[in-house]
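Student: Pasting a structure below so you can have a look.
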Amino acid sequence: MHELGIVFHIVKTVEELAVENHVNRVNKVTLQVGEVSTVIPEYLVDCWNWKCSKSEIMQGCELEVEMIPAVTYCEDCQQTYGTVEHGKICPHCGSENTYLVQGNEHAIKEIEVYNDDEASDTPQVSADADGLERIPEMEESQE
Ligand SMILES: [Zn+2]
């Protein structure tokens, strides 16, 4: 299953980032999924919940899926248009000389973590929080 492969890859990436940043719990991951990427968000969430239940760091982690609209570019009239509405034929000039510019990808947009203050076995997490190398766009919520 396509979704399972994606989930394995994302969970592995997030786990590695969490370990590098001395994070002991990941709260939520926001994933951007292209409109024509053939990924089915419901399957993705099912796989996600199963995979996270087997991971200490990712236990109970929420997955938010954000759709990226698919956009096609026309080489003849140099305009873009919505892929889902018009397909391969340019609605501006009728050309078939077009290609997809976005909407077939998936990417991690945001990783949200929380530091568990009661986890006394990992005191360095809160003590060194300001010195941590930050994951881009990573947010911490204190809960
Ligand atoms: Zn065109």
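FYI, it's all coordinate maths here, none of it is from the lab. Not measured: the values here are computed from a predicted model. Cβ: placed from backbone, ideal geometry, glycine included. Neighbour counts: every protein chain shown.
Student: Tell me, what is the FRET efficiency for LYS28 and HIS2 to the nearest 0.05, using R0 = 25 angstrom and their Cβ-Cβ distance as r?
Tutor: The value I calculate is 0.65.
Student: Here is a follow-up. Taking LYS12 as the anchor, which lysines have their alpha carbon closer than 18 Å to its alpha carbon, excluding any fewer than eight residues away along the same chain?
Tutor: Output for LYS12: LYS28, LYS51, LYS54, LYS109.
Student: May I pose another question? As an exercise, use a Förster radius of 22 Å and the Cβ-Cβ distance of VAL101 and ILE40 to find the FRET efficiency, rounded to the nearest 0.05. Mind showing how you got there, number by number?
Tutor: Numbers: r = 23 Å, r/R0 = 1.03.
In this case the efficiency is close to 0.45.
Student: While we're on this one: Multiply the residue gap between CYS93 and SER53 by 0.36 nm, knock off their C-alpha separation, and tell me the result in nm, one decimal place. All intermediate terms of the calculation are to be shown ahead of the outcome.
Tutor: Working: separation 40, 0.36 × 40 = 14.40 nm, distance 5.10 nm.
Contour length minus Cα-Cα distance gives 9.3 nm.
Student: Just to verify a number: FRET efficiency for LYS109 and HIS86, C-beta to C-beta distance, R0 = 30 Å, to 0.05?
Tutor: On the way: r = 27 Å, r/R0 = 0.89.
In this case the efficiency is close to 0.65.
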